[in-house]
Amino acid sequence: MSLLVQEASLPALGELLHGDWRDQLEREGLPPVELDLSGDELPCPACGTAAPLVDGACSDCGLRLE
């Protein structure tokens, strides 16, 4: 899937997608994930775990990231 967006529209698109993600978490009864970007490892976008990948996937939830 590809999404073409004008650069000036990126902040609005980011807010739209973030809001949709928050709504989905709320509907599922899940707490919001707070991402900590200050460490050496980037957090998983699905679960927030900041740890080395295992075979290209998140070591906690298994989301493929490579």
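Rule-based calculations on the coordinates, nothing more; no lab input. As the structure is a prediction and not an experimental result, all values here were calculated from the model. All Cβ positions, glycine included, derive from the backbone under ideal geometry; neighbour counts span all protein chains shown.
Dividing the mean sequence gap of close Cα pairs (under 8 Å, 6+ apart) by how many residues the chain holds gives a relative contact order of 15 percent.
Annotation: amide H of L63 within the under-5 Å range of C58, sequence separation 5 or more or interchain, hydrogens built in the peptide plane. Label positions at S9 and D55, each projected 7 Å from the Cα along the C-beta direction, are separated by 4.0 nm. Against the chain, whose longest principal axis is taken from its Cα atoms, helix 10-28 shows a tilt of about 60°.
Let me spell out the model: positive unit charges on the Cβ of Lys and Arg, negative unit charges on the Cβ of Asp and Glu, origin at the Cα centre of the chain. What dipole size does that give, in debye rounded to 20? Don't skip to the answer; put the middle values down first.
Values: 3 positive and 13 negative charges, 37 e Å.
So the dipole magnitude of the chain works out to roughly 180 debye.
By the count of other C-beta atoms within 10 Å, a proxy for reagent exposure, S9, S2, S38 are ordered fewest to most as S2, S38, S9. In terms of other Cβ atoms within 10 Å, E34, E15 run from fewest to most in the order E34, E15.
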